[in-house]
Amino acid sequence: MHFKRFFRLPALVIALVSVVLVGCQPVGDLGSRTNPVRLYFTPSVDADTIASNSRELLQFLEEETGYYFTTGIPTSYIAVVEAFGSGRADIGVMNSFGYLMAHERYGATARLRTVRHGVDYYQGQIVARSDSGIETVADLAGRRFAFTDPASTSGYLFPLKMIREEGVRLGRETFAMKHDSVITMVYQGQVDAGATYYSAPDADGNIRDARTRVFTQFPDVEDKVRIVAVTERIPNDPFVFRKDLPEDVAEAFITAIKKFLDTERGRDIFRNIYSVEGIVDATDADYFLLRDTIRAIDMNVEQLAGQEG
């Protein structure tokens, strides 16, 4: 099988080759060997991690649906959005704000929403070095700050709303592009504070927010990086489908991905990629609150997209 040979390549090569493949002019019926269904992943973690963990997923999807699949892992959130506009993406696992852009610009539609730690929402957080003297959002005035990505809901939009509501003017701002990179920058003192995703601790009090992503490098990160504030609830990341995707392809994918996540191995793979343990059905209406937040901070969506090139 074409993809079995493809999967023998090193994971980083898989990521690069996938992007090239989805950029080629498709030939043949969608889902055929020469025109596979193109599944895009938002690069919220290292591309190598996504690529290596997606091997079994693609094989499972092919066996269950009878369609061929390939993956794309762009370097930014906005690149996933633009993949819908350029016809390079059929289905995408996106962050919430990226979905709004894909829906508004290209008519893409949310059909599924992820579940993490038993809930279908998440939150953003503002974190700071424990020795920074930053105790509240107001203390961020004039301080060095790292956001995640200009299109990150938890790592930019909702924390920015909190900061603006406090009337705080930050010092030097930077975009670290990944949640673990923000935590690393705060830990190492490159910035005083930053914004990432937040998940509540488990029943035993073990943290599950973005700091867990750097436990291996920094075992004392929980002591060195503390939470300053937590945002409102944000609907979890959606699975997004291009507007003219044939319904039989969409339904086959939905049925197969639900079946995949009903298996322990499937849940393990999605935990490795996105800390996801399940999915629920979704509609565009689930993201109305996010649209209200964007209006509240007077965000210029087109200008934001321009920052990502």
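Table for the structure above
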quantity	calculated
Odd one out for A203, checked against (1) touching a Lys or Arg at 6+ places or on another chain (Cβ under 9 Å); (2) over 20 Å from S96 (Cβ atoms)	(1)
All positions within the stretch 181-196 that are at negative phi and either in a loop (DSSP other than H, G, I, E, B) or modelled with pLDDT under 95 (or both)	Q188, Q190, V191, D192
Test for R111: is it modelled with pLDDT of 90 or more, assigned to a loop (DSSP other than H, G, I, E, B) and more than 21 Å from I297 (Cα to Cα)	no
The stretch 227-283: number of residues that are in contact (Cβ under 8 Å) with a residue 60 or more places away in the chain, outside any helix (DSSP H, G or I) and either more than 20 Å from A89 (Cα to Cα) or of a type in the set (G, A, S) (or both)	18
Residue ID - farthest from F260 (Cα to Cα), chosen from residues in the stretch 92-108 that are assigned to a loop (DSSP other than H, G, I, E, B) and touching an Asp or Glu at 6+ places or on another chain (Cβ under 9 Å)	G107
Verdict on A151 being touching a Phe, Trp or Tyr at 6+ places or on another chain (Cβ under 6 Å), within 18 Å of M94 (Cα to Cα) and not charged (D, E, K, R)	yes
Selection count where residues are crowded, with 23+ Cβ neighbours inside 10 Å and under 14 Å from K243 (Cβ atoms), scope the stretch 75-100	8
Cβ-Cβ under 6 Å pairs, at least 6 apart or on other chains, the stretch 59-74 side within 18 Å of G28 (Cα to Cα), far side of a type in the set (V, I, T) and not in a helix (DSSP H, G or I)	Y67/V37; F69/V37
Extreme residue, farthest from D237 (Cα to Cα), among residues of the stretch 65-91 that are under 20 Å from the mean Cα position of the chain (by Cα), of a type in the set (V, I, T) and outside any strand (DSSP E or B)	T75
Residues located in the stretch 31-56, provided they are modelled with pLDDT of 90 or more and crowded, with 22+ Cβ neighbours inside 10 Å	P36, V37, R38, L39, Y40
Checklist (1) modelled with pLDDT of 95 or more; (2) surrounded by fewer than 17 Cβ atoms within 10 Å (Cβ to Cβ); (3) part of a helix (DSSP H, G or I) applied to P219, failing item	(3)
Scope the stretch 114-159; condition in a helix (DSSP H, G or I) and under 19 Å from V182 (Cβ atoms); matching residues	V137, D139, L140, T153, S154, G155, Y156, L157, F158, P159
Test: S152 is touching a residue at least 60 places away in the same chain (Cβ under 8 Å) and out of contact with any Leu (no Cβ under 7 Å at 6 or more places or on another chain)	yes
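Yes/no matrix, rows are residues, columns are (1) assigned by TED's automatic domain parsing to the domain that holds A108; (2) over 22 Å from G118 (Cβ atoms); (3) surrounded by 12 or more Cβ atoms within 10 Å (Cβ to Cβ):
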position: R213; (1), (2), (3): no, no, yes
position: T255; (1), (2), (3): yes, yes, yes
position: E264; (1), (2), (3): yes, no, no
position: D298; (1), (2), (3): yes, yes, no
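The values are calculated or read from the model by the stated rules, or taken from the named source; none is laboratory data. All figures in this text were calculated on a predicted structure; none of them were measured in a lab. In this analysis, Cβ positions are derived from the backbone assuming ideal geometry, glycine residues included, and neighbour counts consider all displayed protein chains.
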